1. So, in the range 10-39, of the ones that are among the β-branched types (Val, Ile, Thr) and within 18 Å of the chain's Cα centre (by Cα), which residue ends up surrounded by the most Cβ atoms within 10 Å (Cβ to Cβ)?
2. So how many residues does the range 195-235 have that are without any contact (Cβ under 8 Å) to a residue 60 or more places away in the chain, small (Gly, Ala, Ser), touching a helix residue (DSSP H, G or I) at 6+ places or on another chain (Cβ under 9 Å) and over 15 Å from Asp250 (Cβ atoms)?
3. Do you know which residues across the range 48-67 are touching a strand residue (DSSP E or B) at 6+ places or on another chain (Cβ under 6 Å), open to solvent by 10 Å² or more (accessible area, probe 1.4 Å) and more than 9 Å from the ligand (Cβ to nearest atom)?
4. Regarding Pro79, is this residue outside any loop (DSSP other than H, G, I, E, B) and out of contact with any Pro (no Cβ under 6 Å at 6 or more places or on another chain)?
5. Is there a residue being in contact (Cβ under 8 Å) with a residue 60 or more places away in the chain, under 25 Å from Leu77 (Cα atoms) and within 13 Å of the ligand (Cβ to nearest atom) anywhere in the range 163-174?
6. Return yes when Leu32 is touching a strand residue (DSSP E or B) at 6+ places or on another chain (Cβ under 6 Å), within 18 Å of Ala129 (Cα to Cα) and either within 12 Å of the ligand (Cβ to nearest atom) or small (Gly, Ala, Ser) (or both) and no when it is not.
Amino acid sequence: MLDAASVERRLPAGGLGLPLIFQPRVGSTQTLAGELAAAGATHGTLVVADEQTEGRGRHGRRWFTPPESALAFSLVLRPNLLSGAAGSRQLAAWNLLGALALAEALEALGARPAIKWPNDVLLEGRKVAGVLLEVEWVEATVDRLLMGIGVNVAAGAAPPGTAVDYPATSVEEAVGSLPSREDLLLSIVGRIDAYCQVLDPPAIVAGVNQRLAYRGQGVQVGTGSATKQGILVAVGEEGEIVLRVEGEGDVHLSGADPHLRPLDVPRE
Ligand code: BTN
């Protein structure tokens, strides 16, 4: 079981992660964080669970969090976003920075992660972690964000191929040893904190591009309004994906709940 008192002691005062709400077993940290945020939870509130029974992934999928083997947490964030195009770039950066923080935390363990746009983290071509960013609007203004992060830490945390639409792995399987969940949690939250202290969208986009999965390879991207196939060029300045499409040149794609799939990797 995660030692919540120890996590709390190690979180820096004034940084993200406090107050810390720890639940041994919960439906979804994201749902609980949403309820707490609606009731006024402050910026930086961290909801962590040892086990989730109704974990939620992107695209309305289930997210598996068996006990004592994974990380599952949600941060309540209340950023002051600029208006107009600068605000859109900031929101895109928020959507990317969780995956970047995850990738850096895994690199500190000696792993070589890749980021599958927009915010999945892969080790050896398999998904090890994901980010669910939910935005609560009040009229045209972002009131709060809920950043939910799930990491398959121990081998037993990775769901079987039949249960997911993308092959999964765990940190333990990919790195060859089992890291401390407490250390990994603090490393990820600390890196998210550093990125949001001085939100620098170009630096975040550059960090993602350095680790971008399938760059130069054929992919299919669905954005709700359109599905395109092409060669993955990069993540653009607005957080969108840029594909080189035959006969069309470089096409910039973004939209709610986008989906990217490599063309040459068979599904399990
Ligand atoms: C994805 O589909 O890749 C995103 C997965 C996000 C899962 C995390 S686990 C903690 C938080 N609580 C949830 O119910 N979902 C997110």
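1. First, the residues of the range 10-39 that are among the β-branched types (Val, Ile, Thr): 21, 26, 29, 31.
Filter once more, keeping what is within 18 Å of the chain's Cα centre (by Cα): 29, 31.
Numbers: Thr29: 28, Thr31: 19.
The extreme case among them is Thr29.
2. Residues flagged as without any contact (Cβ under 8 Å) to a residue 60 or more places away in the chain, small (Gly, Ala, Ser), touching a helix residue (DSSP H, G or I) at 6+ places or on another chain (Cβ under 9 Å) and over 15 Å from Asp250 (Cβ atoms) within the range 195-235 amount to 1.
3. Within the range 48-67, Glu51, Pro67 qualify.
4. Details: outside any loop (DSSP other than H, G, I, E, B): no; out of contact with any Pro (no Cβ under 6 Å at 6 or more places or on another chain): yes.
Taking the combined requirement at face value, the residue does not satisfy it.
5. no
6. On the way: touching a strand residue (DSSP E or B) at 6+ places or on another chain (Cβ under 6 Å): yes; within 18 Å of Ala129 (Cα to Cα): no; either within 12 Å of the ligand (Cβ to nearest atom) or small (Gly, Ala, Ser) (or both): yes.
No; evaluated as a whole, the condition is false for this residue.
The values are calculated or read from the model by the stated rules, or taken from the named source; none is laboratory data. Remember, it's a predicted structure, so these values are computed and weren't measured experimentally. Positions of Cβ are backbone-derived with ideal geometry, glycine not excepted, and every protein chain shown enters the neighbour counts. Protein only, heavy atoms only, side chains kept; ligands, DNA and RNA dropped before computing areas. Shrake-Rupley method; radii C 1.70, N 1.55, O 1.52, S 1.80 Å.
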